[in-house]
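Below is one structure, written out as structure tokens; the observations come after it.
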Amino acid sequence: MRAKRSLLSIIAVAAWALPAAFSTGSAQAATTPATHSGDRVQVAPPAPHGAASRSALAAVSPTISPAANWIHRAEGELFDCTAGNLCVEVWDPTVSKWKIFFLYNCNRYSLSHWLGDGYYLNKQTGSVTSYFYGAQGQVLRAFSPPQVGTQDWNPVWSIRNC
């Protein structure tokens, strides 16, 4: 379930991070990850539109439960989404990098602090179907591998990769 923050903590975080918002450059619009030398190695996309302004207000790293392997990658850095994984990318405002989760084990994963646009890359094997769910448990998206796409994470509350 998404964590609730008090008004006082939001004001404190905004006041603490406000100088950082004025010292960052403008962000570029996000694009679909490009394949690099083979079909497994991916290039991290540009920062999402408005990432600099969001970082001042949402200085909480995105998390997933149950825990899954993840890495951070800056724009243009390579990462490997190996066979058997549903890889999902969300912007992490605490480090201004993409946080990429590798969902391998069959599970329903709950999301916290997933804001804005991101990506998914379904490299699972077999005829599995993955699902993105909304706050009321409604299916927002269902897809099977191979699948690459963009996703607005704001309405997504959970992911089932099998």
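The values are calculated or read from the model by the stated rules, or taken from the named source; none is laboratory data. Quantities reported herein were computed from a predicted structural model and do not represent experimental measurements. Ideal geometry is used to build each Cβ from the backbone, glycine not excepted, and the neighbour counts take in all protein chains shown. Surface areas here come from the heavy atoms of the whole protein model, side chains and all, with no ligands, DNA or RNA. Shrake-Rupley method; radii C 1.70, N 1.55, O 1.52, S 1.80 Å.
Just a few scattered comments:
- Tensor-based shape of the stretch 117-162 (alpha-carbon gyration tensor, a/c under 1.5 rounded, otherwise prolate or oblate): oblate
- These residues, 115, 121, go from largest to smallest accessible area, 1.4 Å probe, as 115, 121.
- Rolled with a 1.4 Å probe across the full set of protein chains, the surface gives residue 160 an accessible area near 80 Å².
- Surface exposure of the stretch 54-139, expressed per residue as accessible area with a 1.4 Å probe, stands at 43 Å².
- Figure note: 61, 158 ranked by solvent-accessible area, largest first, 1.4 Å probe, ligands and nucleic acids not counted: 61, 158.
- Over the stretch 82-162, Cα pairs under 8 Å with separation of 6+ residues give a relative contact order of 35 percent.
- For a modelled paramagnetic label at residue 69, 7 Å from Cα along Cα-to-Cβ, the residues of the stretch 107-133 in reach, with backbone nitrogen under 15 Å, are 123-125.
- Which of 125, 63 is most accessible, then next, and so on - probe 1.4 Å: 125, 63
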